[in-house]
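The values are calculated or read from the model by the stated rules, or taken from the named source; none is laboratory data. Just so we're clear, the structure is a prediction, and the values are computed from it rather than from any experiment. Cβ atoms come from the backbone with ideal geometry, glycine included; neighbour counts cover every protein chain shown.
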Amino acid sequence: MDQAVVLLIDSDSRRRQELSRVVEALPGEVLLAADGQEGLRVLQSRPVDLVICCRQLASPSAAEIFAYIADFFPDPPATLLLVDDEQQPRQAAASARADAALAWPAQRGAASQLLELLLRQAELQTRLKTLEEENLELHRAAARLTRGGGEDFPRFDMFKRVVVMELRKARRYGYPLSVLLVAIDRFEEVARWLDEAQRKSLFRSVWQALHRDLRDTDLTLLFAEEKLLVLMPHTNLEGAVVVADRVRQRVAAIPPPASLVELKVTVSLSAASTENTRQARLGALVALAMKGIEEAAFKGGDLVIVCTERPPDDKPRPAPLDIGKLGDRTFFL
């Protein structure tokens with residue numbers, strides 16, 4: 001990272017001097033404050049990467065300064081509490097809402113290493129937040145693209161990297177991720193009865209039925225022309241199935257074009273989740289969902305298919321789905 005900016009708030013001038021030399025060796029720029037009020041003024045006037053406070057500060061105390069940072073800074077700097085040698089650093093840090101505590105006096109090498117770790121942690125947290133914001137904006141942009149329906153849907157091949165990244169995050173942080181595959185039943189037969197404008201209108205109606213229950217973070221992609229693939233982070237299989245059945249019912253209620261009053265449009269949906277597959281990979285999830293769509297077509301369509309696999313012996317079994325919550329057109333693969 002670039003040269004760090006460290007704010008040192010301490011009434012002890014000798015300790016300020018000693019710590020300043022440690023920071024300057026990082027290298028870093030040191031901003032000094034002799035009391036809490038002066039420290040707050042510095043905090044409000046320019047950004048800093050690390051705030052070091054002595055525990056003995058009077059009003060405002062170190063704990064009050066750290067609470068102010070946590071409550072009012074969207075990208076808070078790292079915080080370090082200086083304590084006397086005989087005090088318990090870990091307990092003191094937790095009590096003051098500091099990231100860490102340093103018992104002083106300390107060896108210069110140990111102090112320098114701790115400061116470097118805190119600055120690195122702050123840098124990584126800022127990068128992570130930036131990536132999360134960019135990822136959310138990408139999802140929103142994709143959602144905006146879908147508003148036209150039909151050819152205006154973002155294509156799966158354009159956003160494959162986003163899908164793979166979401167799966168990696170789900171594996172790393174241990175949260176569930178589900179996919180829905182949505183297919184218009186008897187698509188080729190239905191398409192023969194519709195002109196281009198009517199086909200676009202049909203896609204738009206299916207999209208509207210689908211998106212009534214989706215969130216900004218869910219991603220809908222055009223997949224294999226007549227299918228839609230929905231990526232649902234932080235959603236388990238039961239939640240995805242509930243959404244799927246609502247979508248199925250809404251599409252079945254869509255009125256056909258006036259010239260084709262006997263044409264009935266339905267969709268089948270298959271749901272798969274990282275919690276209920278042997279391998280939480282994109283290919284495995286999509287392949288399992290495709291089997292579900294094939295099963296729905298074989299059974300006549302207008303169905304929700306719940307796709308599960310038996311987990312390996314070393315993987316904990318997910319909780320069984322509550323059958324009472326599933327619709328009468330919902331089946332297990």
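Do any residues in the stretch 47-71 that are surrounded by 14 or more Cβ atoms within 10 Å (Cβ to Cβ) have Cβ atoms under 6 Å from those of residues that are modelled with pLDDT of 90 or more and among the acidic types (Asp, Glu), where the two are at least six apart or on different chains, and which pairs are they?
From the stretch 47-71, the pairs are Cys54/Asp10.
Taking the options Arg204, Arg186, Arg172, name whichever one is of a type in the set (D, E, K, R) and under 15 Å from the mean Cα position of the chain (by Cα).
Testing whether each residue is of a type in the set (D, E, K, R) and under 15 Å from the mean Cα position of the chain (by Cα) leaves just Arg172.
Does the stretch 226-275 hold any residues that are buried (at least 22 other Cβ atoms within 10 Å of the Cβ) and among the basic types (Lys, Arg), and which are they?
Arg248
Would you call Arg171 surrounded by fewer than 16 Cβ atoms within 10 Å (Cβ to Cβ), modelled with pLDDT of 75 or more and assigned to a helix (DSSP H, G or I)?
Taking the combined requirement at face value, the residue satisfies it.
State whether one or more residues within the stretch 146-161 are among the β-branched types (Val, Ile, Thr), part of a helix (DSSP H, G or I), surrounded by 16 or more Cβ atoms within 10 Å (Cβ to Cβ) and modelled with pLDDT of 80 or more.
For the stretch 146-161, residues among the β-branched types (Val, Ile, Thr), part of a helix (DSSP H, G or I), surrounded by 16 or more Cβ atoms within 10 Å (Cβ to Cβ) and modelled with pLDDT of 80 or more: absent.
To keep it simple, each residue is scored yes or no on (1) part of a helix (DSSP H, G or I); (2) modelled with pLDDT under 90; (3) closer than 17 Å to Ala103 by Cβ.
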{"site": "Leu8", "(1), (2), (3)": "no, no, yes"}
{"site": "Ser20", "(1), (2), (3)": "yes, yes, no"}
{"site": "Val23", "(1), (2), (3)": "yes, yes, no"}
{"site": "Leu32", "(1), (2), (3)": "no, no, no"}
{"site": "Leu43", "(1), (2), (3)": "yes, yes, no"}
{"site": "Val51", "(1), (2), (3)": "no, no, no"}
{"site": "Leu57", "(1), (2), (3)": "no, yes, yes"}
{"site": "Phe66", "(1), (2), (3)": "yes, no, no"}
{"site": "Asp75", "(1), (2), (3)": "no, yes, no"}
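Any chance you could count how many residues in the stretch 217-259 are free of Cβ contacts under 8 Å to residues at least 12 places away in the same chain and not hydrophobic (A, V, I, L, M, F, W, C)?
Qualifying residue count for the region: 4.
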